[in-house]
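Below: the structure, in structure tokens.
The values are calculated or read from the model by the stated rules, or taken from the named source; none is laboratory data. Given the structure is predicted, the values throughout are model-derived calculations rather than measurements. With ideal geometry, Cβ positions are generated from the backbone for all residues, glycine too; neighbour counts draw on all protein chains shown.
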Amino acid sequence: MGHRGCRRPWPNTCPGRAQQRCMTHKVRRIKDYLSYQQLPQQDEMGQKLTEPQARRQRRSQIQNDAYDIYKASSREEARATIVGFCREVEISRTQGGSNLSKGD
């Protein structure tokens with residue numbers, strides 16, 4: 001459940017049920033924590049990128065990498081992937097990384 005307003009009534013409304021958020025919404029939320037210090041300079045064809053293009057490409061790469069977390073075959077593998085992901089994209093688990101763990 002993605003909306004924070006639903007968290008308080010959730011236990012009374014659905015006792016014994018875990019709250020979940022859609023992985024797409026979790027991945028979208030990551031962009032609030034992105035660091036753009038490692039922007040690509042060129043696209044796949046070797047063409048120079050403008051800063052807005054480089055930001056879009058980096059955001060797309062990060063989103064694709066984030067989806068790999070959900071493709072993990074076990075919870076342990078997913079958690080290890082989160083740690084590597086957070087290092088790669090320069091966010092901490094207390095920022096966007098914790099967003100990926102909530103509701104797991």
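Residues in the range 11-37 that are more than 24 Å from Tyr70 (Cα to Cα) and either modelled with pLDDT of 80 or more or surrounded by 10 or more Cβ atoms within 10 Å (Cβ to Cβ) (or both): how many?
2
Which one of these does Arg58 not meet: (1) farther than 14 Å from Glu88 by Cβ; (2) outside any loop (DSSP other than H, G, I, E, B)?
Among (1) farther than 14 Å from Glu88 by Cβ; (2) outside any loop (DSSP other than H, G, I, E, B), Arg58 violates only (1).
Enumerate the pairs (first residue in the range 52-71 and of a type in the set (Phe, Trp, Tyr); second residue anywhere and surrounded by 16 or more Cβ atoms within 10 Å (Cβ to Cβ) and assigned to a helix (DSSP H, G or I)) with beta-carbon separation below 8 Å, excluding pairs fewer than 6 apart on the same chain, so at least 6 apart or on different chains.
Here the result reads Tyr67/Val27; Tyr70/Ala78, each pair linking the range 52-71 to a residue that is surrounded by 16 or more Cβ atoms within 10 Å (Cβ to Cβ) and assigned to a helix (DSSP H, G or I).
Which one of the conditions (1) at pLDDT below 85; (2) acidic (Asp, Glu); (3) surrounded by 14 or more Cβ atoms within 10 Å (Cβ to Cβ) does Glu88 fail to meet, given that it meets all the rest?
(3)
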